[in-house]
Amino acid sequence: MKRVVLASANPGKLRELGSLLAPAGVELVPQSALGIEPAEETGNTFLENALLKARHAARAAQLPALSDDSGIEVDALGGGPGVRSARYAGDGASDAANLALLLRELAAVPAARRTARYRCVVAWVAFADDPAPLIGEGTWEGRIAPTPRGSGGFGYDPAFIPAGDTRTAAELPAQEKNLVSHRAKALRALVAALDAHGVYSRP
Ligand code: IMP
């Protein structure tokens, strides 16, 4: 197995990414297990943040690195909170506080204008200053419910209704979400790019 550092401490992401990459002979090691502090997310785009997180982890671990950056874009908020999704209600804000603020901001917005999407960018660098990082991107279209429902998922899931569904993302079984989510799509795109570049070929 080839060791690759994951620029995240989120156990859900580790499970999801780890199972997708295991067939390619990759063992993901979370940066926290190597004593690496998270990078500051100073980028203006998901891509910038994903890249700076991957480069930071690769430099500290002296290993290839994988990272992801994601968020929700609400059309009635001009695409916000976007890259600020995790700190929408302030630095260190809880998921519950961010979700409550989003629903307050949209209180007067009618159903037809509550369209939104999750976006995820994953980045792979072979080493810290890799001039040719590999990138995968995925989106998941939907709309914002008037009130939260469900206890699965995390973040904005209780208020996100995927297009073509009546359930919120927090009401979907995890396996179902993990097949169709922005993160799953981004990862599949990255795995295809890794294959295409022969970085780690499948058995
Ligand atoms: P990241 O961990 O820096 O990528 O921050 C992502 C933020 O976007 C999270 O804190 C959530 O608020 C939101 N987010 C991203 N993906 C999801 C998802 O699948 N469900 C719910 N919220 C998400």
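Scanning region 146-184 for residues that are in contact with a Pro (Cβ under 6 Å, 6 or more places away or on another chain) and hydroxyl-bearing (S, T, Y) returns a single hit, T168. Scanning region 75-89 for residues that are in a helix (DSSP H, G or I) and either over 15 Å from F160 (Cβ atoms) or within 8 Å of the ligand (Cβ to nearest atom) (or both) turns up V83, R84, S85, A86, R87.
The residue that is surrounded by the fewest Cβ atoms within 10 Å (Cβ to Cβ), among those in region 134-143 that are of a type in the set (A, V, I, L, M, F, W, C) and more than 12 Å from the ligand (Cβ to nearest atom), is I135. Taking the criterion of being small (G, A, S), over 16 Å from V121 (Cα atoms) and in contact with a Pro (Cβ under 7 Å, 6 or more places away or on another chain), the only residue of region 35-93 that qualifies is A58. Could you look through region 46-74, keep only residues that are within 14 Å of the ligand (Cβ to nearest atom), hydrophobic (A, V, I, L, M, F, W, C) and assigned to a strand (DSSP E or B), and pick out the one that is surrounded by the fewest Cβ atoms within 10 Å (Cβ to Cβ)? Restricting to residues being within 14 Å of the ligand (Cβ to nearest atom), hydrophobic (A, V, I, L, M, F, W, C) and assigned to a strand (DSSP E or B), the top hit is V74. Whether a residue is more than 23 Å from P146 (Cα to Cα) and of a type outside the set (D, E) was assessed, and V121 passes this test. Do the conditions hold for S19, that is, is it closer than 16 Å to A186 by Cβ and either within 12 Å of the ligand (Cβ to nearest atom) or more than 16 Å from the chain's Cα centre (by Cα) (or both)? No, not satisfied.
All of V83, V5 fail the test of being closer than 20 Å to A186 by Cα, among the aliphatic types (A, V, I, L, M), out of contact with any Gly (no Cβ under 9 Å at 6 or more places or on another chain) and in contact (Cβ under 8 Å) with a residue 12 or more places away in the chain, apart from V5. Test each condition in (1) in contact with a strand residue (DSSP E or B) (Cβ under 6 Å, 6 or more places away or on another chain); (2) loosely packed, with under 13 Cβ neighbours inside 10 Å; (3) at pLDDT below 95 for L179 and report the one that comes out false. With respect to (1) in contact with a strand residue (DSSP E or B) (Cβ under 6 Å, 6 or more places away or on another chain); (2) loosely packed, with under 13 Cβ neighbours inside 10 Å; (3) at pLDDT below 95, L179 is out only on (1). Here Y118 meets each of (1) at pLDDT 95 or above; (2) within 28 Å of L52 (Cβ to Cβ); (3) buried (at least 20 other Cβ atoms within 10 Å of the Cβ); (4) more than 11 Å from the ligand (Cβ to nearest atom) with one exception, condition (4). Regarding G25, is this residue more than 13 Å from the ligand (Cβ to nearest atom) and farther than 25 Å from A100 by Cα? Yes. A single entry from P110, P146, P131, P158 fulfils the requirement of being touching a residue at least 40 places away in the same chain (Cβ under 8 Å) and either closer than 29 Å to L63 by Cα or more than 12 Å from the ligand (Cβ to nearest atom) (or both): P146. Can you say whether D129 is more than 18 Å from the chain's Cα centre (by Cα), exposed (fewer than 15 other Cβ atoms within 10 Å of the Cβ) and farther than 21 Å from L21 by Cβ, as far as the supplied structure shows? Judged against the criteria, D129 is a match.
The values are calculated or read from the model by the stated rules, or taken from the named source; none is laboratory data. Since this is a predicted model, take the numbers as computed values, not measurements. Please note: Cβ atoms are built from the backbone with ideal geometry, for glycine as well, and neighbour counts cover all protein chains shown.
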